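The values are calculated or read from the model by the stated rules, or taken from the named source; none is laboratory data. Because the structure is predicted, anything quoted here is derived from the model rather than measured. Note that each Cβ is placed from the backbone with ideal geometry, even for glycine, and that neighbours are counted across all protein chains shown. Note: areas computed on protein heavy atoms with side chains; ligands, DNA, RNA excluded. Shrake-Rupley method; radii C 1.70, N 1.55, O 1.52, S 1.80 Å.
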Amino acid sequence: MAKDPKFTAREITKIGWYTARMAKRGIAGENVHLGDLQKKVDRIIDGAREREQQQAADQAAAEKAARKARAKNLKTK
């Protein structure tokens, strides 16, 4: 399994809420369905991974633009 991304405060809170609901359902018995809550937690984790990848891509693009601007400034001097 891939490394978990850094979560925002909202994501941590949501995961905690769904985990608590799963625990509450678990108290009710072994035959209680938890799949819907597990899917929600998985969706949050997937969204955090996508957000982290997008931020990395944005940062790389910004660094490339900064290098390009520095090179342009050096040529004009």
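In the full protein context, the chain carries 86 Å² of accessible surface per residue, based on a 1.4 Å probe and ignoring ligands, DNA and RNA. Dipole check for the chain: with +1 at the C-beta of Lys and Arg, -1 at the C-beta of Asp and Glu, and the Cα centre as origin, the magnitude is about 720 Debye. The relative contact order of the chain, computed from alpha carbon pairs under 8 Å that lie at least 6 residues apart in sequence, is 37 percent.
Straight-line cross-link reach from Lys40 at under 21 Å between alpha-carbon atoms covers these lysines, not counting any fewer than eight positions away in the same chain: Lys3, Lys6, Lys14, Lys24.
The fraction of accessible area contributed by carbon and sulfur in the chain is 56 percent, rounded to a whole number (1.4 Å probe; ligands and nucleic acids excluded). Taking a spot 7 Å from the Cα of Lys14 along the direction of its beta carbon, which residues of region 34-59 have an amide N less than 18 Å from it? Under 18 Å, as judged by backbone N against the label point of Lys14, lie 35-55 of region 34-59. Modelled spin-label separation between Glu30 and Leu74, with each label point placed 7 Å from Cα along the Cα-to-Cβ direction: 6.8 nm.
The residue among Gln53, Pro5, Val32 whose Cα reaches farthest toward the positive pole of the charge dipole of the chain, with charges on the beta-carbon of Lys, Arg, Asp and Glu, is Gln53.
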